[in-house]
Amino acid sequence: MSDIIQLLPDHVANQIAAGEVVQRPASVVKELLENAIDADATAIKLIIKDSGKTLVQVIDNGKGMSPTDARLSFERHATSKIRSADDLFSLNTKGFRGEALASIAAIAHVELKSKQESEELGTLIAIEGSEIKTQEVTVTPTGTSIAVKHLFFNIPARRNFLKSNTVELRHIIDEFHRVALAHPTIAFAMYHNGSELFNLHESNYRQRVVHIFGTKTNEKLVPVEETTEVLKISGFVGKPQFAKKTKSEQFFFVNNRFIKSPYLNHAINAAFDGLVKDGNHPIYFLNLTVDPKSIDINIHPTKTEIKFDDEHTLYAILRSSVKHSLGQFNIAPVLDFDY
Ligand code: ADP
Ligand code: MG
């Protein structure tokens with residue numbers, strides 16, 4: 001008889017987890033932006049080089065971390081956001097798995113600087129492939145800066161799998177848009193290879209949409225507002241004549257989190273039935289607020305898919321309120337499509 005099972009060392013477990021959480025530079029962008037939001041930042045700066053292949057850095061003015069927490073933040077399953085399994089059903093934060101920083105640090109060179117408001121000095125940690133290289137006292141503003149360099153330095157297969165800079169930048173901009181749209185009251189800036197791509201001031205939702213998608217968007221928007229016992233909807237759909245060949249301007253947010261939902265998308269299409277040409281996709285920017293207890297976000301590590309308790313009811317409410325909004329704007333069905 002011989003025993004052959006062993007527990008994997010932490011750095012190996014982290015590297016495996018990283019395979020799920022971090023697919024490309026845009027995944028790092030998403031995790032770091034979400035952490036900044038969870039830290040109550042009011043201004044967040046994203047700096048990238050070579051489409052994130054060389055550098056992804058997020059600087060926030062949030063609450064920062066103590067030196068001990070800064071160190072712990074790189075441990076797997078280390079989180080300040082939940083304490084028990086029950087908390088999973090009443091989530092108000094983006095994060096809760098305590099996996100992102102541990103995963104990122106397992107497959108990149110990371111430099112973290114953080115300072116809490118009450119402190120004079122902050123802490124700096126350099127970590128490479130899960131190994132802490134330095135931790136020292138440093139002068140840094142209140143908040144946190146995390147720089148992720150040489151992503152996938154120790155996983156050549158992953159690095160080689162990355163797409164062209166254009167494609168990777170596109171993914172990063174998509175994540176940036178999603179997070180910025182979900183949080184119009186936070187200021188966001190983005191720089192790529194030293195040039196400013198976005199500088200979004202604190203604003204309301206309509207302004208944020210227009211700021212990101214261009215001034216022409218303003219005239220396209222039809223407001224959708226609805227409050228029922230189980231669902232609150234707010235946001236905009238685009239007038240039917242502005243439907244697009246692509247789905248690039250279709251956004252659902254549930255409790256301020258971007259999600260993908262073919263099912264709810266279908267509800268929108270149903271509301272637009274007869275108003276848009278086949279093959280065109282209505283644009284929409286819709287925020288849904290539901291009781292956190294009625295959804296399960298923990299079905300996928302990147303949390304873009306969620307499970308609703310009562311999808312059918314949401315579908316019906318969504319469809320009828322979008323229809324109603326279109327109706328109010330006197331957008332009656334048209335039979336020929338000569339706009
Ligand atoms: P999660 O977000 O799921 O808790 P992470 O690995 O992303 O897990 O982060 C671990 C912990 O590190 C967080 O729970 C938080 O306490 C801390 N942390 C991470 N990023 C920041 C930040 N920008 N500002 C303040 N604290 C942070
Ligand atoms: Mg996180």
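Any read-out appearing in this document is the output of simple, stated calculations on the displayed coordinates, not a laboratory observation. What you are looking at is a predicted structure, and each value in this text was computed from that prediction instead of being measured. In this analysis, Cβ positions are derived from the backbone assuming ideal geometry, glycine residues included, and neighbour counts consider all displayed protein chains.
In table form, for the structure just shown:
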| quantity | calculated |
| --- | --- |
| Footprinting exposure proxy for 139, 290 (fewest neighbouring C-beta atoms within 10 Å first) | 139, 290 |
| Efficiency of FRET between residue 153 and residue 201 - r from beta-carbon atoms, R0 45 angstrom, step 0.05 | 0.80 |
| Burial ordering of 246, 217, 138, fewest other beta-carbon atoms within 10 Å first | 246, 138, 217 |
| The chain: most fluctuating residue of 240, 262, 223 per GNM, C-alpha cutoff 10 Å | 262 |
| Overall form of the chain per C-alpha gyration tensor (a/c, 1.5; a/b vs b/c) | prolate |
| Euclidean distance of C-alpha centroids, region 182-203 and region 6-84, integer Å | 19 Å |
| Gyration tensor (alpha-carbon) shape descriptor, region 61-135, a/c threshold 1.5 | oblate |
| Ordering of 100-113, 32-45 by burial proxy (mean other Cβ atoms within 10 Å per residue, highest first) | 100-113, 32-45 |
| Point-to-point label distance, residue 43-residue 241, nm (Cα→Cβ direction, 7 Å offset) | 4.1 nm |
| Percent of Cα-Cα distances greater than 20 Å, calculated over region 217-328 | 36 percent |
| Estimated Rh, region 10-200: Kirkwood, alpha-carbon pairs, angstrom | 16.6 Å |
| Within the chain, helix-based [θ] at 222 nm, where runs of 4 or more DSSP H residues each add -39,500 (n - 2.57), nearest 500 | -9000 deg cm²/dmol |
| Using a Förster distance of 30 Å, the FRET efficiency for residue 3-residue 84 (Cβ separation, nearest 0.05) | 0.35 |
| Separation of alpha-carbon centers, region 250-319 and region 101-128, rounded to whole Å | 36 Å |
| Virtual spin-label span in nm between residue 117 and residue 20, 7 Å along Cα→Cβ | 3.6 nm |
